[in-house]
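Bear in mind these aren't lab numbers, they're just calculated from the coordinates by the rules spelled out. Because the structure is predicted, anything quoted here is derived from the model rather than measured. Note: ideal-geometry Cβ built from the backbone for every residue, glycine included; neighbour counts use all protein chains shown.
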Amino acid sequence: MSCVNITKMSWPQFKERESIYHIFCKHFSNTSFVAVRQGEVLGFLLGFISQVKAGHGYIHLVATDPKNQRQGIATALYEKFFRTTKKKGVRHVSLIVNPDNVASLRFHERLGFRPNLRGALIAVAGVEAVKDYNGPGNHMVPFTKEI
Ligand SMILES: CC(C)(COP(=O)(O)OP(=O)(O)OC[C@H]1O[C@@H](n2cnc3c(N)ncnc32)[C@H](O)[C@@H]1OP(=O)(O)O)[C@@H](O)C(=O)NCCC(=O)NCCS
């Protein structure tokens, strides 16, 4: 399965131009990873090191094929990102999560990410998020972790 199809199947609501896969594979291939078993793509992580904030890494998207979830695949991809970027001086990793994405919230909490809530806040389904973070009505939970 391709990375595009894994995203479509694991997270049908996700909307983004498919050019992101080309951008990350061409220009951030040293901080983006694909998990493959016996030739089958199981999951992937798209991340980068900030060009302007020294020591900061950012994870843009992670997804695991639905039939291979809860096997530690996304955890392994994150560990690879941490190991790789730490060697390049990264100490802080950040990302954002939709407040209604319970699997992603639990996954990131389990990995030691903590919400970094600043500015106007709003509760979405009992989860505190930054109001309008991604534009009007598009509230998000920013997370950070020190590595
Ligand atoms: C979030 C996601 C990437 C996790 O991938 P995964 O490979 O299944 O994750 P792991 O197996 O490494 O999970 C590690 C831990 O995270 C937590 N976790 C993961 N998925 C969870 C879920 N659906 N519900 C509750 N906790 C969950 C658990 O603590 C899990 O450990 P356990 O299985 O021993 O209990 C996956 O659910 C996915 O692809 N979701 C759709 C895409 C998406 O939402 N991406 C994130 C965008 S911000």
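If we count every other residue with Cβ under 15 angstrom of LYS87's Cβ, Lys/Arg +1 and Asp/Glu -1, where does the sum land?
On the way: positive: LYS80, ARG83, LYS86, LYS88, ARG91; negative: GLU79.
Net of charged neighbours comes to +4.
Using the Cβ-Cβ distance between ASN134 and ARG106 with R0 set to 22 Å, the FRET efficiency from 1/(1 + (r/R0)^6) comes to roughly 0.55.
Candidate membrane-span-like segments in the chain, meaning DSSP H helices with Cα atoms spread over at least 18 Å of their own axis and a Kyte-Doolittle mean of -0.5 or above, are 73-86, with no membrane implied.
How much length is gained on full extension from LEU121 to ARG70, taking 0.36 nm per residue of separation minus their Cα-Cα distance? Before the final figure, lay out the partial values.
Working: separation 51, 0.36 × 51 = 18.36 nm, distance 3.09 nm.
Length gained, LEU121 through ARG70: 15.3 nm.
Placing a label point 7 Å from the Cα of GLU146 along the Cα-to-Cβ direction, the residues of segment 82-111 with a backbone N closer than 15 Å are 90-94.
Rounded, prolate or oblate, given the Cα gyration tensor of segment 27-112, with a/c below 1.5 counting as rounded? Note, shape of segment 27-112 comes out oblate.
At an R0 of 22 angstrom, the distance between the Cβ atoms of HIS22 and LYS87 translates into a FRET efficiency of 0.30. In sequence order, segment 133-147 has phi-based couplings of 3, 9, x, x, x, 10, 7, 9, 9, x, 10, 9, 8, 8, 10 Hz under the Karplus curve 6.51 cos²θ - 1.76 cosθ + 1.60, θ = phi - 60°, and Gly or Pro positions carry x. Quick one: grab the alpha carbon gyration tensor of the chain, order the square roots of its eigenvalues as a ≥ b ≥ c, and give me rounded if a/c is under 1.5, else prolate or oblate depending on whether a/b is larger than b/c. Oblate is the answer for the chain, as a/c is 1.5 or above yet b/c matches or exceeds a/b.
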